[in-house]
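For reference, the structure discussed in these notes is given below.
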Amino acid sequence: MSSSGDDEEAGTDSDDGFEPDPERVERLREIADDVRGETSESKQLANILYRTSDLYDDREETSPEEIVRNVKFILEVNERGGLER
């Protein structure tokens, strides 16, 4: 077995299947901008798309698990009626 896999892990997380892809980041964020509207549902969807785009942005450090937790939080906040306490 080669040690080249270890070298790859030191850089970006190529094992996770989410290689940096600036075009995908741009496309997801454009879609998020398009769907964002005045309703809470459209804002939620836009936020989810932005978070998903972070997987492909080499400037962001996130994982699918972190995004799932964040999406759950977004949905829970909306269910409670917002962040106001």
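Every number here is computed from the coordinates shown, using simple stated rules; none is lab data. Please read these numbers as outputs of a predicted model, since none were measured by experiment. Every residue, glycine among them, receives a Cβ derived from its backbone with ideal geometry; neighbour counts consider all protein chains shown.
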With a point put 7 Å past each Cα toward its Cβ, work out how far Arg36 is from Val77 in nm, to one decimal. 1.3
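When the dipole is taken about the Cα centre of the stretch 17-83, and only Lys, Arg (+1) and Asp, Glu (-1) are charged at their Cβ, what size is it in debye, to the nearest 20?
340
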Neighbour net charge for Ile67 - beta-carbon separation under 9 angstrom, K R +1, D E -1: -1
